[in-house]
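The next block holds one structure in the form of structure tokens; read it before the comments.
The values are calculated or read from the model by the stated rules, or taken from the named source; none is laboratory data. Because the structure is a prediction, the values reported are computed rather than measured. Heads up, the Cβs are rebuilt from the backbone with ideal geometry, glycines too, and the neighbour counts pull from every protein chain shown.
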Amino acid sequence: MTYKSMPKVELHTHLEGCAPPAFIRGLAQEKSIDISGIFNADGTYAYRDFNHFLEVYEAACTTLQGPEDFYRLTKAVLEESASHGIVYQETFVSPDFCGGGDVTAWREYLAAMQTAADEADRDLGITLKGVVTVIRHFGPEASKPTATCAVETFGDFITGFGMAGGEMVGRPGDYAYAFDMAREAGMPLTCHAGEWGGPSMVAETLRDLKVDLIGHGIGAIEDSNLVRQIVESGVTLEVCPGSNVFLKANVFGKGLERWGDHPIQKLRDAGVKVTVSTDDPPFFGTTMTDEFNMLAQTFDWTEDDFRTLNQTALDAAFCDADTRATVAKRLETE
Ligand SMILES: [Zn+2]
């Protein structure tokens, strides 16, 4: 069977990273920007490794030049997501790519994204919420105006704060100022850790940034005490198996190559709250349907397992109670 039509909750996506390649190519043509080098002959995104992926990602982002482009991007992304049964999605959005960290410009970009999100909610039955995201490899100083943008716009559409980008740049504590600002404003927190940096990066992220969710977090599997700590603290992991296998994320000091070696099953068996997401689906050749199908094939997950997965994700979602109730109904009706 295929899980395409089953309703799904997805917490870990990057808005620009969900951009269909054809959409980015179209924008590049309209604006006469030559980014032909970032595509393979078959039209998919082309890159060698994780750092090159970040470069290609940023090159793709150069085509997104104003609020109207982000309106169109959000619309294109949500159409794709809805076609895979997603009824609730959270996505990382970055003021660094939307107005260069200026709050006034950021508000205009957000309004455009929210208009597209409202239309998709009405027309497609998918709710989108945004999580303002620090780009780690831009450095700790750049994280402060990002946190200001987050705090100033925390509300209906913006529901949380987090950090993505190059995990091996600096240590989590270097970004504590920005996370403290967001926490003091009442924002729930997430941070990428343990995709490349192993258990110590996960442990420091929990200790120094006091997050509610961890993006990936799979490196925790190397340390059973840390796994126990995660279980006891109730922190939820945003696991992205397809992304991890595609990029060969670091587990036990080597690159993850096969779905069967992915630690999601062991983490779940240990009692960790796991959720499943696509991260940057067209970059990694995946969709939520593929993720569900591969988990069913690899670990024999059943419809019941996927229902639990959806509920865990909805419980951990950063949205308000009304949205949570609406999404719960959408999950029940199938
Ligand atoms: Zn990510």
Restricting the search to region 187-240, which residues are within 15 Å of the ligand (Cβ to nearest atom) and in contact with a Pro (Cβ under 8 Å, 6 or more places away or on another chain)? Cys191, Ala193, Met201, Thr205, Leu213, Ile218, Gly219
Just one listed residue, out of Val239, Val227, is surrounded by 24 or more Cβ atoms within 10 Å (Cβ to Cβ) and either outside the structural domain of Leu309 (by TED's automatic domain parsing) or modelled with pLDDT of 95 or more (or both), and it is Val239
Criterion (at pLDDT 90 or above, under 20 Å from Lys129 (Cβ atoms), not in a loop (DSSP other than H, G, I, E, B) and not acidic (Asp, Glu)) met by exactly one of Leu64, Leu27, Leu73: Leu73
Within 16 Å of the ligand (Cβ to nearest atom), touching a Cys at 6+ places or on another chain (Cβ under 9 Å), of a type in the set (D, E, K, R) and closer than 22 Å to Glu291 by Cβ: which single residue out of Glu16, Glu80 fits that description? Glu16
Checked region 91-138 for anything under 15 Å from Gly17 (Cα atoms) and without any contact (Cβ under 8 Å) to a residue 12 or more places away in the chain; matches are none
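Hey, can you tell me all the residues within region 1-13 that are assigned to a strand (DSSP E or B) and either away from the ligand (no atom under 16 Å from the Cβ) or of a type in the set (A, V, I, L, M) (or both)?
Let us first name the residues in region 1-13 that are assigned to a strand (DSSP E or B), namely 8-13.
Within region 1-13, Lys8, Val9, Leu11 qualify.
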Candidate set: region 251-309, residues that are touching a Lys or Arg at 6+ places or on another chain (Cβ under 7 Å) and of a type outside the set (A, V, I, L, M, F, W, C); chosen: the one nearest to the ligand (Cβ to nearest atom): Gly255
From the options Thr308, Thr333, Thr326, residue that is β-branched (Val, Ile, Thr), modelled with pLDDT under 95 and surrounded by fewer than 18 Cβ atoms within 10 Å (Cβ to Cβ): Thr333
Considering only residues that are in a helix (DSSP H, G or I) and in contact with a Ser or Thr (Cβ under 6 Å, 6 or more places away or on another chain), which ones fall in region 239-269? Gly242, Trp259, Gly260
